[in-house]
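A.B. asks: Questions regarding the structure given below will be posed in turn.
Taken together, the values in this text are just the output of simple stated rules run on the coordinates, not laboratory data. The structure presented is a predicted model; accordingly, all values stated were derived computationally and were not measured. Counting neighbours? That spans all protein chains shown, and the Cβs are built from the backbone with ideal geometry, glycine included.
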Amino acid sequence: MKKLTFNTPIAALMLGVSAISFSHTAVAQKSNAPVVCPGYEKGTTQLVGERTGKKVQRAFEAYNEDRVDEALQILMDIESSDEFDKAYVNRFVGNLLAAREGEGNRALNRLTSAVEPKVLNDLEHAQTLKLIGDLSMQEEKYSEAIKWYNKWMDFTCKEDPDVYTRLAQAYYEAKQIAKIIEPADKAIALYDEPNKNPYVLKMTSFYERKMYPETVKVAEELVSLFPEEPKWWTQLGLFYILIEEYKKSLGIFEIAYNNGWLTKENQIKQLAQLYASNGIPYKAARLMEKHLKEGLVEDSATNLAAVANSFHQAKNYDTAANFYGKAAAKSSDPDHYKKQGTLLIVAEDYKNAVVALENALERGAKDVGKIHFSLMEAHFYLGNFKKAYEYAEMAKKDSSIRRNANAWVPYIKEKAKNRGITI
């Protein structure tokens, strides 16, 4: 599954560092502080001390002028015994490192140190908790991400659909598949506009646990909400097969095909198979034939034989024989020649049937007795009674068709005698 990506603008997390007041005087909490849980005692807004604040101011100015390395060095050189100052600086450093390639783990260490004492102002604390969750996802520490997203929700009492979606993704990556459903459902309920990600995660959870009826239900919702997305249609069609709803599967694949969304060989072959399994072999054959000519379906012996089989089921014997002949030309498979010859007899093309059946024998076909029996029939209808008699005698060696071959012998002799031919 494709991972979700999370982008947190670093500047938005600086919380107005350029306007720092250098004092520890307690003031009322800002009005934009997060909504906290019932029973939470509202704290006071902490401010960095004057000495630390001046250095932080310099670091922020360097950052604004794209001198990020210098900003980091200024911050890392800060020494303070004050717990809030240390947490604030760690948060600033962590935010800067989070934006740099390959610095995820260092950023996590700094940000974790910033929140552990729980001395940051509420808004800063909440934003940092969420950032740690996002960074944990980025660094593939999925169990940690789950922990920090839950800490963010516990602290803020907020229900954010994006966070629920990220939490569901984290459960997926951590292979806690069953736990995906609850946050995915909450995300679905909270989004103002439908978002496909929680649906996909929910569908994946059901599918990987082989809960196919539930999988189908979610896939139906995806098709309903995002009808312009081709892959949801083909996936729904395949899921219907899992619950043996073959007519529904065919209907979905036909819609996808008519909209031009089946663009791969396996998709065309799937639709052809659905036509065949739903008792419409002629459509299966014509569909495959069309896309063989266009080149979407490979002109291979296997695919040609599949077309032949569908034409055979549709009782288009001569066309079926023709495709078996094409398959045989590519494969030299004696079974393809045998099927070609048998169908040519049904189509009353006895001369070409003999050629195909002899090719089958030359290439080491199995069921030799049955091929001899078919050659007997072909030669009989061509008027080659001596040949027909020879093949009848050969066919008698096969116990499975001996009785039928014996029944033909007197009939062949009688026809030959009527024509003045001695056997």
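A.B. asks: Which semi-axis lengths, in whole Å and largest first, follow from the square roots of five times the eigenvalues of the Cα gyration tensor of region 267-367?
C.D. replies: One finds semi-axes of 24, 15, 10 Å for region 267-367.
A.B. asks: Arrange Trp233, Trp261 by Cβ neighbour counts within 10 Å, fewest through most, would you?
C.D. replies: Trp261, Trp233
A.B. asks: Tell me the mean residue ellipticity at 222 nm calculated for the chain from its helices only (DSSP H runs of n ≥ 4, each -39500 (n - 2.57), averaged over every residue, nearest 500).
C.D. replies: One gets -21500 deg cm²/dmol as the mean residue ellipticity at 222 nm.
A.B. asks: If packing is taken as the average count of other Cβ atoms within 10 Å, what order do 92-104, 158-170, 126-138 fall into, highest mean first?
C.D. replies: Output ranking for 92-104, 158-170, 126-138: 126-138, 158-170, 92-104.
A.B. asks: Gain in length, Glu182 to Val368, computed as 0.36 nm per residue apart minus the alpha-carbon separation, to one decimal in nm?
C.D. replies: Between Glu182 and Val368, full extension yields an extra 60.7 nm.
A.B. asks: Here's another thing I want to ask about it. Please work out the C-alpha center-to-center distance from region 233-285 to region 356-423 and express it in whole Å.
C.D. replies: 43 Å
A.B. asks: Tell me which of Thr215, Gln127, Ala395 sits at the most positive position along the dipole axis of the chain, charges placed on C-beta atoms (Lys, Arg +1; Asp, Glu -1).
C.D. replies: Ala395
A.B. asks: Oh, and also: Assuming a viscosity of 0.890 mPa s and a temperature of 25 °C, what translational diffusion coefficient in µm² per second does Stokes-Einstein assign to the chain, Rh being the Kirkwood radius over Cα pairs?
C.D. replies: Estimated via Stokes-Einstein, D reaches 87 µm²/s.
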